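One structure is given below, encoded as structure tokens.
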Amino acid sequence: MDFLELARARYSCRKLTNAPVAAEKLERILEAARVASTAKNLQPYRLFLLESPEAVAKVHEITPCIFGADCFLMVAAVPSEGWVREFDRKNFAEIDAAIVATHIMLAIEAEGLGSTWVGHFDAPRAKELFPEMAAYELIALFPIGEKAAEAHPAHLHEKRAPRSERLERL
């Protein structure tokens, strides 16, 4: 599958099985995150793999967006490590973490698994339940699993604005 096919095939999968995620698939997903480009290669992010029964139970306390998964990846930004643009003092840590998260999202699809980018989670509660996350800006939570047989893209998946409405040639 070429990149454009992958980008088109990937959808927000909200029906997953709780079958264990194969270790080799998870390793390739984590490697895709590791090789993501970041500003000045500062890599101002942290990943938290939440797969133990205790961790998964805590995830249930911070979001209803479980979708049947028993494996989750939380992506966090580290502002103190981010590159800061000199002209306006814009810190790129959250942007870099979003780039990493995008690699994760696409790698999950490339592995034949399903997920969706979850932003609907209680970040303050997550930091209480997972003290390891307390110092970071929590960006995205990815439930990861095999796509359930009845999983399918949402009805709006194919609806995209024409490029002419989103692109200005100057």
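The values are calculated or read from the model by the stated rules, or taken from the named source; none is laboratory data. Just so you know, these numbers come straight off a predicted model, no measurement behind them. Cβ atoms come from the backbone with ideal geometry, glycine included; neighbour counts cover every protein chain shown. Areas reflect the complete protein model, heavy atoms only, side chains present, ligands, DNA and RNA absent. Shrake-Rupley method; radii C 1.70, N 1.55, O 1.52, S 1.80 Å.
Taking only DSSP H segments of four or more residues, each worth -39500 (n - 2.57), what value at 222 nm results for the chain once the sum is divided by all its residues, to the nearest 500 deg cm²/dmol?
One gets -10000 deg cm²/dmol as the mean residue ellipticity at 222 nm.
Please report the relative contact order for segment 30-113, taking Cα pairs under 8 Å with a sequence separation of at least 6, and give it as a percent rounded to a whole number.
38
For the chain, what does the alpha-carbon gyration tensor say about shape, rounded, prolate or oblate, given a ≥ b ≥ c as the root eigenvalues, a/c under 1.5 as rounded, and a/b over b/c as prolate?
Verdict is oblate for the chain.
Roughly what would the spin-label model give for Leu167 and Arg28, points 7 Å off Cα along C-beta, in nm?
Computed distance between label sites Leu167 and Arg28 equals 3.0 nm.
How far is the Cα center of segment 1-42 from the Cα center of segment 141-164, in Å?
Measuring centre to centre over Cα atoms gives 14 Å.
If you roll a 1.4 Å probe over segment 15-170 with all protein chains in place, what percent of the accessible area is carbon or sulfur?
53
So, for segment 42-170, what is the accessible surface per residue at a probe of 1.4 Å, expressed in square angstrom?
56
Once you treat every alpha carbon in segment 73-170 as an equal point and sum by Debye, what is log10 I(q)/I(0) at q = 0.16, 0.24 Å⁻¹?
-0.91, -1.20
How high is the FRET efficiency between Asn41 and Thr102 when r is their beta carbon distance and R₀ equals 22 Å, given to the nearest 0.05?
Efficiency computed from Cβ-Cβ geometry: 0.85.
Counting only pairs 8 or more residues apart or on different chains, how many lysine pairs in the chain have their Cα atoms under 23 Å apart?
Lysine pairs meeting both conditions in the chain amount to 9.
So what is the relative contact order for the chain, in percent, with contacts set as C-alpha pairs under 8 Å and at least six apart?
About 33 percent, as a whole number.
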